[in-house]
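J.: Take a look at this one; I'll ask things after.
The values are calculated or read from the model by the stated rules, or taken from the named source; none is laboratory data. Small disclaimer: the values here were computed from a predicted structure and weren't measured. Cβ atoms come from the backbone with ideal geometry, glycine included; neighbour counts cover every protein chain shown. For accessibility, only protein heavy atoms count, side chains too; no ligands or nucleic acids. Shrake-Rupley method; radii C 1.70, N 1.55, O 1.52, S 1.80 Å.
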Amino acid sequence: EVDNIFVPFYCILIGLWSTIMLEAWKRQQSVLAFQWDVEKFQEDEPARPEYLSHQLTRPVKGVFEQGVGFVKVDLDAIGSALTDADKIKRGSLLHMPGTSTSKMRDKLVRDEEELEEGAELVFPSSVHKTRVVLSLALTVSFIICVATGALATLAYKVVLRNSIDTYGTYIGSAVNVAFISLTDQLWSRAALYLNDWEMYRTDSEWYNALIYKTFLFRFINKNATPFYIAFVQGVNLRLFGIGEADSCPNDDCIRALAEYLLVAVVFSEFSRNFLTLIPLFVDEFKKRYRAKKMADSGKTMQQLLADGTSDLTSKEAKRNARLVERVETEFLKTEYPGTFDEMLEIAIQFGYMTMFAVGFPPAPVFVLLNNLIERKTDALKTLKMRRPRYIGAMGIGSWLYVFEFLAVVSVMTNMLIMFFSSRVLREQLSTTFDLTQILLLTVVIEHLLLLLKFGIAIVVADVPTW
């Protein structure tokens, strides 16, 4: 039985664990940054080639300050702010991987020649801020539309359940899942376009902006259904005034929430691991097709290349042929997609595990098993896909704030779920307290737990003293 008297203690344990885990990660992150010498990475981080090559980017005298942005200065009065290290960094940028296209390279070279001593290539701040505001407005509008659509699919599910006794609930659930998956794909593409359009200077700024856009949408889109089950379904509400009033099966919303989370955490996440292997199978098919094609020609790649190198010795020709084949094989591999999607899914899992601990206590076990499997699939992708370009970082960036946000929200959601949806808790407390007193007790426990979490965060230092 999911709804039992021990659930509140489990929620308190999960709330404290989430804070202790995040504080331990902050310390580990600072240790790794020190060991890898990236503590000041963002201060020395080069600008993105897309930023420098934009048609609105112009040379302006001044300097970029970490956490402040571009600051105009009178270099004639205080001396040149462009150090030799800055000149070397700017010159090396022209040879970075990914900037070899003729149009972008010519633009960078032209701007470098036009730069005065102590000037920086700057995208207009007013244009950037305007684009950020417009992008935020579009994001919020899209989220409102998607949230309304999600509620509409839930209302349609009620209609199907009442009209088709046997399969109505399953068909409605399938429609809801399909809607969530489709809107996820649409927003993933739209978020990338908006992020590029806003024009951020460094990779760190670009990734942080993409994190906030994508997570805000996924948080609402993925959690709309469990929030509805936990807080709305039990009050017999008629969505959009259509159909009959919706209610939890057997008036047990905790069990309904557990059944939904079982599907969301177990089947969805495990199936995603297998879907990520599809590009690897495609690469293997292409590799075998190329091998068959060369076999039909009667010569291997080494022989074909060695035939064209008559001025070299046989040993040198074969060595060069093997090198060319390795480079060509690496180039023909599918491009590694990066770790953004993996971090996003970990954040969603963390949210399911902490925010709905009342509804599905076994969630941490399934999440652990899923991530153990994902470690192997990710390792396989790293080996079989094209080697990614190195991008430095001081830590996990804005993902840390995302996890901290989920840890705080989890306290409020679990306490409210226990108050609104837990029949066992209300029955146990109703003998001593009335409904108002139970609500007051829930709020007091929630505030005490939040104070304890913040106290742990203050006491535990983010950086080890050693």
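J.: Can you say whether LEU262 is farther than 21 Å from LEU380 by Cβ, at pLDDT 75 or above and open to solvent by 40 Å² or more (accessible area, probe 1.4 Å), as far as the supplied structure shows?
T.: Answer is yes for this residue.
J.: Determine the pairs where a residue that is under 15 Å from HIS54 (Cβ atoms), located within segment 121-141, has a partner that is of a type in the set (A, V, I, L, M) and in a helix (DSSP H, G or I) with Cβ atoms under 8 Å apart, the partner being 6 or more residues away or on another chain.
T.: Filtered contacts from segment 121-141: LEU121/LEU52.
J.: Also, quick follow-up: How many residues does segment 4-39 contain that are touching a helix residue (DSSP H, G or I) at 6+ places or on another chain (Cβ under 9 Å) and without any contact (Cβ under 8 Å) to a residue 24 or more places away in the chain?
T.: Looking only at that region, the number is 2.
J.: Something else: Pairs needed: first member in segment 443-466, in a loop (DSSP other than H, G, I, E, B); second member anywhere, open to solvent by less than 60 Å² (accessible area, probe 1.4 Å) and among the small types (Gly, Ala, Ser); C-beta distance under 9 Å; at least 6 residues apart or different chains.
T.: As it stands, the answer is VAL460/ALA24; ASP462/SER30; VAL463/SER30; PRO464/SER30, since those pairs meet every condition given.
A quick yes/no check of all residues on (1) farther than 26 Å from GLN185 by Cα; (2) in a helix (DSSP H, G or I):
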{"site": "GLY351", "(1), (2)": "no, yes"}
{"site": "ALA357", "(1), (2)": "yes, no"}
{"site": "PHE366", "(1), (2)": "no, yes"}
{"site": "LYS381", "(1), (2)": "no, yes"}
{"site": "LEU406", "(1), (2)": "no, yes"}
{"site": "ASN414", "(1), (2)": "yes, yes"}
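J.: Starting from segment 60-74, take each residue that is in a loop (DSSP other than H, G, I, E, B) and list its partners that are modelled with pLDDT under 70, counting only C-beta distances under 7 angstrom and pairs at least six apart or across chains.
T.: Between residues of segment 60-74 that are in a loop (DSSP other than H, G, I, E, B) and residues that are modelled with pLDDT under 70, the close pairs are VAL73/ALA81.
J.: Regarding segment 308-319, can at least one residue be identified that is modelled with pLDDT under 70, open to solvent by less than 50 Å² (accessible area, probe 1.4 Å) and not in a helix (DSSP H, G or I)?
T.: Yes: segment 308-319 contains one or more residues that are modelled with pLDDT under 70, open to solvent by less than 50 Å² (accessible area, probe 1.4 Å) and not in a helix (DSSP H, G or I).
J.: Can you pull out the residues in segment 428-438 that are part of a helix (DSSP H, G or I) and either touching a residue at least 40 places away in the same chain (Cβ under 8 Å) or exposed (fewer than 15 other Cβ atoms within 10 Å of the Cβ) (or both)?
T.: Selection gives GLN428, SER430, LEU435, THR436, GLN437.
J.: Could you tell me how many of the residues in segment 5-23 are over 21 Å from the mean Cα position of the chain (by Cα) and closer than 19 Å to VAL402 by Cβ?
T.: Here the count works out to 4.
J.: In segment 145-168, which residues are open to solvent by less than 50 Å² (accessible area, probe 1.4 Å) and more than 30 Å from the chain's Cα centre (by Cα)?
T.: Within segment 145-168, VAL158, LEU160, GLY168 qualify.
J.: Going by what's in this entry, would ARG238 be described as at pLDDT below 70 and surrounded by 12 or more Cβ atoms within 10 Å (Cβ to Cβ)?
T.: yes
J.: Just one of (1) open to solvent by less than 50 Å² (accessible area, probe 1.4 Å); (2) assigned to a helix (DSSP H, G or I) trips up TYR200, so point out which.
T.: Every condition holds for TYR200 apart from (2).
J.: Among the candidates GLY62, GLY118, GLY79, which residue alone is in contact with a strand residue (DSSP E or B) (Cβ under 7 Å, 6 or more places away or on another chain), modelled with pLDDT under 70 and not aromatic (Phe, Trp, Tyr)?
T.: GLY118
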